[in-house]
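The block underneath contains the structure these notes are about, expressed in structure tokens.
The values are calculated or read from the model by the stated rules, or taken from the named source; none is laboratory data. For clarity, every value in this text was computed on a predicted model and none was experimentally measured. FYI the Cβ positions are ideal-geometry reconstructions off the backbone, even for glycines, and counts take in every protein chain you see.
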Amino acid sequence: MLNINGIAFFINLNPCILIPARYNSSRFPGKPLALISGETLISRVAKIAHKVLNPSHVYVVTDSELIKNHCESLNIKTIMTSTHNLTGTDRIAEAANSLNYDFYVNLQGDEPTVNPLDLESCISYGQDNPNYVINFYHPIVDADPSSRSIPKVVFNESNDLIYISRSLIPGNKKSEDLNKIFYRQVCIYGFSPAHLKSFTSFNRKSKLEKREDIEILRFFELSIPVKTFLSRDCGPAVDYPEDIPSVEKYLSSFKNGI
């Protein structure tokens, strides 16, 4: 990887960053346009991506004209997709059909505290592990690990993802020990075009995916391995309106922003 004037250039890999953004979220309608300290959530996430790749290789992927118009007013590139996609990854796959890149980074539109260096790492890990889907994790330190809104990850000593669940995992025989360290999923994904084609070819949510409401579980049914890596310092995501004060507090701790 080369870094020229603050923009990363990857040797032998042509990557882009796609940011799925849906307006009609069941938990938080209109979430991408919610204000975080006076700036929309989707604008903040796009700015993180622009620190990693030239803005011409960053797209917000949405089914909402409101989000599209807002992004284009800020010179953020957009791709309109169907309103019938099952998940954000299906939306990413639809967008990828109209593009021509070697590697697609899916940066969730509700992750305004992601460290841009993790996006660079995602691309580098994808280049080094071409057969794997890439994902990230981080220790749960300032939240209740038993919360059903937090997907917990379990991985082996080679960083292969074993399982991801909204339940408290791993457990133990004696008790649910909340004093031990649990790890949450950080919603940065890396896919090859072949991974995305396989994902959508399943044509439905898998049983585990549907039960857990965690889309990456569909790759388990496809026997596509997932490699997961420790993210850098990462603050809270925005799942509900009440998460916004915590995000604003986290961001205010950085004098120059993230």
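Worth pointing out:
- Taking the conditions (1) free of Cβ contacts under 8 Å to residues at least 40 places away in the same chain; (2) out of contact with any Phe, Trp or Tyr (no Cβ under 8 Å at 6 or more places or on another chain); (3) of a type in the set (G, A, S) in turn, G30 satisfies each one other than (2).
For every residue, the table says whether it meets (1) at pLDDT below 95; (2) within 20 Å of F191 (Cβ to Cβ); (3) small (G, A, S); (4) more than 18 Å from the chain's Cα centre (by Cα).
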position	(1), (2), (3), (4)
L13	yes, yes, no, yes
L18	no, yes, no, no
I79	no, yes, no, no
T83	yes, no, no, yes
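- Filter result (touching a strand residue (DSSP E or B) at 6+ places or on another chain (Cβ under 7 Å), over 13 Å from G235 (Cα atoms) and surrounded by fewer than 18 Cβ atoms within 10 Å (Cβ to Cβ)) within region 136-154: V154
- Search result, residues across region 215-258 that are of a type in the set (S, T, Y) and surrounded by fewer than 14 Cβ atoms within 10 Å (Cβ to Cβ): S223, Y240, S252, S253
- Of all residues in region 9-56 being crowded, with 22+ Cβ neighbours inside 10 Å and among the β-branched types (V, I, T), the one that is farthest from I150 (Cα to Cα): V52
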